[in-house]
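What follows is a set of notes on a single structure, which appears directly below.
The values are calculated or read from the model by the stated rules, or taken from the named source; none is laboratory data. This is a predicted model, so every value here is computed, not measured. Cβ placement follows ideal geometry from the backbone for every residue including glycine, while neighbour counts extend to all protein chains displayed. SASA here: full protein model, heavy atoms, side chains in, ligands and nucleic acids out. Shrake-Rupley method; radii C 1.70, N 1.55, O 1.52, S 1.80 Å.
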2 protein chains.
Amino acid sequence: MTHIQERLHHWQGVPFTKVSIDDAFWRPRLEVLKKVTLTTCLMKCEETGRISNFAKAGGLIEGKFEGIYFNDSDVYKVLEGVAYALMTDRDSELEAEADRIIELIAAAQEPDGYLCAYYTLEAPESKWTDMEKHEMYNGGHLIEAAVAYFEATGKRHLLDVACKMADHYDHVFGPDKRHWVEGHEEIELALVKLYRITKEERYWKLALWLLEERGHGHGVGAIWDKKEWGPAYCQDDVPVRSIEKVTGHAVRAMYLYTAMADVVHASGDPTYVDALHRVWRHTVERNMYLTGGIGPSHHNEGFTHDYDLPNESAYCETCAAIAMVFWNHRMNMLFGDSKYADIVEREMYNGALAGISLSGDKFFYVNPLASKGDHHRVPWFDTSCCPTNLARFLPSIGQYVYAQTDKGIAVNQYINSEAEFLVRDGVSVKLNQKTQYPWNGKIELTVDAEKSSYFSIRMRVPDWCRGYNVQVGGEKISGLEALTEQGYVVLSRNWSQGDTIVLELDMPVEIVRAKQEVQENRGRIAIQRGPIVYCMEQADHAELSYDEYTFSAGERLYVDHMPELLGGVTVLRGKDGNGKPFQFIPYYAWDNREPGFMQVWIREKEEPGLYSY
Amino acid sequence: MTHIQERLHHWQGVPFTKVSIDDAFWRPRLEVLKKVTLTTCLMKCEETGRISNFAKAGGLIEGKFEGIYFNDSDVYKVLEGVAYALMTDRDSELEAEADRIIELIAAAQEPDGYLCAYYTLEAPESKWTDMEKHEMYNGGHLIEAAVAYFEATGKRHLLDVACKMADHYDHVFGPDKRHWVEGHEEIELALVKLYRITKEERYWKLALWLLEERGHGHGVGAIWDKKEWGPAYCQDDVPVRSIEKVTGHAVRAMYLYTAMADVVHASGDPTYVDALHRVWRHTVERNMYLTGGIGPSHHNEGFTHDYDLPNESAYCETCAAIAMVFWNHRMNMLFGDSKYADIVEREMYNGALAGISLSGDKFFYVNPLASKGDHHRVPWFDTSCCPTNLARFLPSIGQYVYAQTDKGIAVNQYINSEAEFLVRDGVSVKLNQKTQYPWNGKIELTVDAEKSSYFSIRMRVPDWCRGYNVQVGGEKISGLEALTEQGYVVLSRNWSQGDTIVLELDMPVEIVRAKQEVQENRGRIAIQRGPIVYCMEQADHAELSYDEYTFSAGERLYVDHMPELLGGVTVLRGKDGNGKPFQFIPYYAWDNREPGFMQVWIREKEEPGLYSY
């Protein structure tokens, strides 16, 4: 084992099937997801020909390909979401519908394993000629859906289709075979998943080979030739080991780093480790919005130059926020540092969650941090990656709550839930987590161990929390144990049935200022409380115009939990210097009432600080 | 009533005799004050000839004046403290000792009412020749002691002495009589007190005349001629109505503004109001330390230039911190704005409280915000104004808890206590206040009204608190009522027996940065939690040298209440980037263990912020 490998933590995720969520914040969202979002997405896939494309490609019905060449992927992503929903709550009707669609997908697969409805129907002679046409991107999502559906139902049909397709890739591409730089990363992380479930090494090796293909001039296709985009658009400008900066299309970049983290988890390759550290810092230190949003530009759906974080014109694709979760969750598993789980949290409660309406049937593709009033969620898009990404992200949110460490358990997210793990010597442990997070910073854990057993429980102290306190069995902990290690309080002891932990996180209202380099936010402040980023919406300020309001950092705010408002939110209310009341609501909940302006970064009312100090 | 007068609130203080303190923080301090501090001070006054000076001046014993010409005032201040202690807890032994001393004081009064042991004994021919010789300063403290002792015991003897002395002043000085600019203000506020208890208008008028004497070139004495001091040293540079800036000796300035506020309370004089507002802003915005300390310079025991706030060489006389309480309490009564009560709190828990050891028998005169390890509390000083000021300040601390407003009650300080008031129509109301302040931000009030009655209860939301919440009768309040008015939540309703209010103040650990103009603190941060300013002491960091430590603003801190440490303190513990543990303790509690360095402002470990935003 190398020096670098020793630094790796190799934590394991705890599948959401082991985490039963019974949470005032998340439970209603999961219900809506299953009852509304999944059926809406399936219906839209049907209506827009995304599903019948497979039937046509399989020769079951007549017709031309409808829509865009990457539309297969939406069906796969909804199927993945359906699979996750079925895992926690079997539903024969939903499953029958999934089975029906799977039959169509299987029918669309060509005898050699090739599967991409667009090429089969429209341009069979042009397969594998333009690397930006998402053939393997589609394939990657098929694999993810297949793995999920197999895990949910035990049914192998879609998994067999996926393996046959992956084997086809492996047959056509690889060392001494054809080069391939998939224009939209996704296949790499999917192949790792396929390897994990099938234990077939060739899938893992193919993923690694695909990563290594990048940055050597092998890319071919229209996008590579476009001067204003070029190879950086799809991260083909430098070999992955040499990555210094986040570039190009945001979702593609995140999927690439996710796959790199997956690969490192097995290989420990220090050059990958260093590249991941470099690009992570470059992303969060210079290119991430307060909401966790990334990719400011509509032009390339991605990155521009450092600190370019415009609010009103922010792109911040919902998929990119979700992809940040994927990547940061892997980084947390690799390095055992809570700063990655902090980002997961930031996306969960802000950047990603804003993408879906409270009703579950309207979506943002683009998530600006300011709007004059003309930006609204809609039921579907021609390119509908975001709704379908939410459809698979939300039902699997439970997987981010816990991780299995080398010495026990890490508590990464605070959600009212019951979870089950095996710790050392195969002892089964249940953890009951009680909390009113994200509105309150108190978390109570009760340990229910099969038998008294020595292991460690790590609890994350989030980035936004400066002061905290921990009690075990009603007694505060003391000494070095109370202090954090890589952002966690680590409680190592012999845990017995009924042991309790109470973590109290200070959850004050915070005034946030951007780095000086972020020109857009100079003279502006934003409000955060706990993990929740706040915004101001016209629905609460009929009399105001866009960007008219100025806010003084010194104003006191009434922390007001409103169970009836916007699905239950804690709002922050105050009165400005002129006695006018104002109100901030959580950013994720905006555009769920009358249309109007919205702003996260408010112009600061410049007032000389009262005290000199 | 003029426009200006309408802006005045004319709140009334609630005497501490109406506030029974039963508080984990303050109760032990009040006990120590009575058992240790008062007796120590009396003993020291005896030992140093301060008491026998009166006997000598009265011809009861032979001998020369011992000590400094203002030493009479220390005896008066201890007597005032004794009176306050007797008010809440009659003690015949202590009262007998006070009566004995009062007899000596009375004996020292000359037939015309003049009373100043130094002049009587040493220079009877030089009376009233040097305005800086504290003749009226001594007299002011006599008046304060006399008023207090009369209120405590009903005994008139000392009050008669005081009246006779004040009448003598009134006889000698005034319009068309002699000019007088008392070099050390104090007499003015004392005369207002005397007016309030005797209802004799001439005392109030004399106070006003003395204020008006300043700034017209009437000052005579050595101090006026000293170039490096001049009239500004004792606030004789401009007429009080024209004051723009805080100048000169800090305690003198504060006593002057206190008297001005007293006078405005009755007169509503808009030129005084404006002057007070100007000088208050100038004091806190440019010339106040984080601890509430004022007056950076040893040279003049006072102010220098704006933003001159050195830490290690800070003077910050304990008396000046106490005087800030006097002034700000009056300002709060006048203007009904909580920002003045915020300063009272800042001094109560920091600047003033640091002046006394936990044992109650050692004192700081000078309160630096950093020390290499050579600054320690001592039992007494040649000029011992600070111990004797603490002796009268602490037992009367209950007076800052409540105020009687025009429409009800204001809760200014949070101390576990029971208090009694009359509200509208003479209805008697008891308020029971339960809190673990200053360590916890939750305050529970229970109303015990004689009969159901409509009035308002104002609760201060402190300057350090951005987020708060209020429940009345277990239900959170809503609408505009929840929002602060001049820093108070105002709850107006029909209050009935057993009604409850719960105020929850966010009390997070805060990183404090000074204004850019404060050169000394550039690149430094300090820590505050609730009203408590923290410091780092060598006693917790044996391995460190002075100013060696650098602290990163991003460190997480374990909020650790240690009931056994330093009389029960909440410490803040963390681990720095190198894994080394560190600890902050409340500033007021420093120098109660092994000697060593202390620092409030720690060098900031400059780290690029993690997020761009």
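For the reader, a short list of remarks on this structure follows.
- Per-copy distances of the A:His10 label point, shortest first, in nm (7 angstrom along Cα→Cβ): 8.0
- Kirkwood Rh (inverse of mean 1/r, distinct Cα pairs), the range A:289-383, angstrom: 13.8 Å
- With θ taken as phi - 60° and the Karplus curve 6.51 cos²θ - 1.76 cosθ + 1.60 applied, the whole-hertz 3J(HN,Hα) list for the range B:136-141 is 6, 4, 4, x, x, 5 Hz, x standing for glycine and proline.
- Protection proxy ranking for A:208-220, B:525-537, using the average of other Cβ atoms within 10 Å per residue and placing the highest first: B:525-537, A:208-220.
- Accessible surface of A:Thr153 - all protein chains present, 1.4 Å probe, nearest 10 Å²: 20 Å²
- Mean projected area of the convex hull spanned by the Cα atoms of the range A:250-325, taken over all viewing directions: 4.8 nm².
- Full extension of the chain between A:His179 and A:Lys372 gives 64.8 nm of extra length, using 0.36 nm per residue less the Cα-Cα distance.
- Compared with the dominant principal axis of the Cα atoms in chain B, helix B:187-198 is inclined by about 80°.
- Debye-sum result for chain B in log10 I(q)/I(0), which assumes one identical scatterer on each alpha carbon, at q = 0.07, 0.10, 0.12 Å⁻¹: -0.43, -0.89, -1.29
- Percent of alpha-carbon pairs separated by more than 24 Å within the range A:179-332: 29 percent
- Note on A:Arg556: accessible area is roughly 40 Å² with a 1.4 Å probe, heavy atoms of protein only.
- DSSP-assigned coil residues among GluC sites (Glu not before Pro) in the range B:85-134, each with at most 10 further Cβ atoms within 10 Å: none
- Euclidean distance between Cα centres, the range B:415-437 to the range A:545-608, Å: 35 Å
- By the Stokes-Einstein formula, at 1.306 mPa s and 10 °C, the range B:422-504 with its Kirkwood radius over alpha-carbon pairs has D equal to 119 µm²/s.
- The lysines within cross-link reach of B:Lys44, meaning a Cα-to-Cα straight distance under 22 Å and a gap of 8 or more places when in the same chain, are B:Lys34, B:Lys35, B:Lys56, B:Lys64, B:Lys77, B:Lys362.
- With Rh defined as the Kirkwood radius, the inverse of the mean 1/r over Cα pairs, the Rg/Rh of the range A:201-249 is 1.02.
- Modelled FRET efficiency - R0 60 Å, B:His277 with B:Ala106, Cβ distances, 0.05 increments: 0.90
- Helix A:318-335 and the long axis of chain A differ in direction by around 80°, with both axes built from C-alpha atoms.
- Nitroxide proxy distance, nm - points 7 Å out along Cα→Cβ at B:Thr17 and A:Met43: 7.8 nm
- Over the range A:477-613, the fraction of Cα-Cα pairs per 5 Å bin, rounded to whole percents and listed from the shortest bin up, is 2, 8, 15, 18, 15, 11, 9, 8, 7, 4, 2, 1.
- Cβ neighbours within 10 Å from other chains - mean over B:506-519: 4
- For B:Lys193, the solvent-accessible surface computed with a 1.4 Å probe is close to 50 Å², ligands and nucleic acids excluded.
- Stokes-Einstein D in µm²/s, Kirkwood radius over Cα pairs - the range A:317-363 at 37 °C with 0.692 mPa s viscosity: 301 µm²/s
- Taking amide H as placed 1.01 Å from N in the peptide plane, the amide H of B:Lys442 sits under 5 Å from that of B:Gln436, B:Leu505, each at least 5 places away or on another chain.
- Cα-Cα pairs of the range B:15-75 separated by more than 16 Å (percent): 58 percent
- The value obtained for the range B:221-277, namely the Cα convex hull volume divided by the number of residues, is 78 Å³ per residue.
- Angle in degrees between helix B:92-108 and the longest Cα principal axis of chain B, rounded to the nearest 10: 40 degrees
- Look at the Cα gyration tensor of the range B:1-148: its axes a ≥ b ≥ c give a/c of at least 1.5 with a/b at or below b/c, and that counts as oblate.
- Summary for B:Gly426: label point 7 Å along Cα→Cβ; distances to the equivalent points in the other copies, ascending, 8.5 nm.
- Cross-link pairs beyond the 18 Å C-alpha cut-off, checked among B:Lys199/B:Lys407; A:Lys442/A:Lys575; A:Lys575/B:Lys339; B:Lys164/B:Lys193; B:Lys127/B:Lys193: B:Lys199/B:Lys407; A:Lys442/A:Lys575; B:Lys127/B:Lys193
- Convex hull (Cα only) mean projected area of the range A:49-118, reported in nm² to one decimal: 4.7 nm²
- Accessible surface ranking for B:Phe455, B:Phe381, 1.4 angstrom probe, highest first: B:Phe381, B:Phe455.
- Taking other residues whose beta carbon is less than 12 angstrom from the beta carbon of A:Leu422, and scoring Lys, Arg as +1 and Asp, Glu as -1, yields 0.
- Overall Cα dimensions of the range A:362-457 - principal axes, largest extent first, Å: 58, 28, 18
- For the protein assembly as shown, convex hull of alpha carbons as volume per residue, Å³: 181 Å³
- Across the copies of the chain, A:Asp448 has label points (7 Å from Cα along Cα→Cβ) spaced 4.5 nm apart, shortest distance listed first.
- Listed residue (B:Ser313, A:Ser126, B:Ala553) projecting farthest to the positive dipole end of the protein assembly as shown, Cβ model: B:Ala553
- Note on the range B:122-238: Cα Rg divided by 2.2 N^0.38 Å, N the number of residues, gives 1.09.
- Nearest chain A C-beta to the A/B rotation axis, reported as residue and distance in angstrom, is A:Pro508, 2.
- Accessible area ranking (1.4 Å probe, heavy atoms, ligands and nucleic acids excluded), largest first, for A:Phe393, A:Phe150: A:Phe150, A:Phe393.
- For the range A:254-282 versus the range A:159-211, the gap between their alpha-carbon centres in whole angstrom: 18 Å
- Peptide-level mean, for A:304-312, of C-beta atoms on other protein chains within 10 Å: 1
- Inter-chain Cβ neighbour average for residues B:551-564, partner chain, 10 Å: 5
- Reported to the nearest whole Å, the Cα centre-to-centre distance from the range B:7-60 to the range A:54-80 is 88.
- The rule of thumb for compact globular proteins, 2.2 N^0.38 Å, goes into the C-alpha radius of gyration of the range B:177-233 1.28 times.
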